[in-house]
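What follows is a short report on a single structure.
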Amino acid sequence: MARFLKDPTKTTIMNLHFTRISFLAALGLLANQAAHASEFFLKINRNGQHTALVGDQYQTNTSNVYKFFDLPAGTITVKISDGSTGNLVFDGTINLQQNERLVAEMNASGGMSTIASMTVTYTNWYTENRSSSSNNNTSFNNTPPAPATLGVSPEKFNEIVSAVKAQNVESYKIDKAKSIVKKNMLSSKQVAELCNLFKVESYKFEFAKFAYDYTVDKDSYYLVGKTFKVASYSKELDQYIDGKQ
């Protein structure tokens, strides 16, 4: 029976080859992560609570100071809505450079102005060097935060539903729904409920596509797809969303 012996020279070359591949793959991973290393800090000089949607990141708080990290360079959509009324107070875009932190303020009238722009050094949170003493007295608060209300308040949404229902013609109904959505940030669940007000699937599909850009929790938009009775519309909606990402 023939026996095959390993060539130590070839084994060493192969090990070096795979080591090089692993190293290049690691560099590629870091480059991919660094592509989402820009930041956007925003202060809203306006009374009340607000919701900020920057790209696909969503924040709401009572301090009106927002910090968004790991953003891609390029043109990013920014939508700010009033927490009490749900009305949009800012709907525009910002342009971020690679590894740039853009600091901005929004006034009471919805005007946005740049305060500062600086270069930031990107460091993964899991590779950041920390002194051993910094962890000696570390404590963790395991109390979960209060759940944020997605979209407009229940009271405001009831008003929206009533306004859309008041239109007894499908074409008027979709015009009214689009007009309202332009001025309000809704949740996927709220969009789905509005879709159920349409009896004609084609109108429902048209509204579902339109409302996607004005939805705060796009990762839950599958709820909207479930409202279709005709499966082809649900599939087309998925394709439409995939094309926007």
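Just so it is clear, none of the values below were taken in a lab; they were calculated from the coordinates. Note that this is a predicted model, so its numbers are computed, not measured. No Cβ is skipped: glycine too gets one built from the backbone with ideal geometry, and neighbour counts run over all protein chains shown.
Per-structure values
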quantity: Spatially proximal lysines relative to K226 (Cα-Cα < 17 Å; intrachain offsets below 8 disregarded); calculated: K189, K199, K204, K209, K218, K235
quantity: Theoretical gain in end-to-end length, T114 to V169 [0.36 nm per residue, Cα-Cα removed]; calculated: 15.3 nm
quantity: Contact order relative to length of the range 154-244, as percent, for alpha carbon pairs under 8 angstrom and 6 or more apart; calculated: 27
quantity: Centroid-to-centroid separation of the range 42-90 and the range 177-191 [C-alpha atoms, Å]; calculated: 16
quantity: Sites E236 and N95, calculated FRET efficiency, Cβ-Cβ separation with R0 41 Å, nearest 0.05; calculated: 0.80
quantity: Protection proxy ranking of 161-168, 202-209, 190-197 - average other beta-carbon atoms within 10 Å, highest first; calculated: 190-197, 202-209, 161-168
quantity: Table column - 3J(HN,Hα) (Hz), the range 65-70, Karplus curve with 6.51, -1.76, 1.60, x for Gly and Pro; calculated: 10, 10, 10, 10, 10, 6
quantity: Amide proton proximity set for D70, modelled H, under 5 Å, gap of 5+; calculated: S38
quantity: Karplus 3J(HN,Hα) series, Hz, for the range 175-192 with 6.51 cos²θ - 1.76 cosθ + 1.60 (x for Gly, Pro); calculated: 4, 5, 4, 5, 4, 6, 5, 4, 10, 9, 9, 9, 8, 4, 5, 5, 4, 4
